[in-house]
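The values are calculated or read from the model by the stated rules, or taken from the named source; none is laboratory data. What you are looking at is a predicted structure, and each value in this text was computed from that prediction instead of being measured. Glycine also receives a Cβ, built like all others from the backbone with ideal geometry; neighbour counts cover every protein chain displayed.
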């Protein structure tokens, strides 16, 4: 169950509120619904997580930042060391590095 949550977070699917609500319901046993619904009145362990917006921006930004910090930066460092060690800086290598930096800069 924990691995499925990690997969949802890593693929950015956890930022979609219905997906997060379902996973949190399975994980905790609590029901997640809109405030004021009929289920809200019946359940004692209600947690108000649903919103009118389908995407949770905070979780999405955290997920994107962790992806950038823990995946993109180490791969760029590895690519630089590999090209230096093998002395294989070609036009394709320069283009690849420039495009990687451009993509990383977009965050």
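Here are the numbers for this structure:
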| item | result |
| --- | --- |
| Restricting the range 1-33 to residues that are loosely packed, with under 13 Cβ neighbours inside 10 Å and part of a loop (DSSP other than H, G, I, E, B), the residue that is modelled with the highest pLDDT | 11 |
| Residue count for the range 77-92, restricted to those that are part of a helix (DSSP H, G or I) and either outside the structural domain of residue 104 (by TED's automatic domain parsing) or in contact with a helix residue (DSSP H, G or I) (Cβ under 6 Å, 6 or more places away or on another chain) (or both) | 1 |
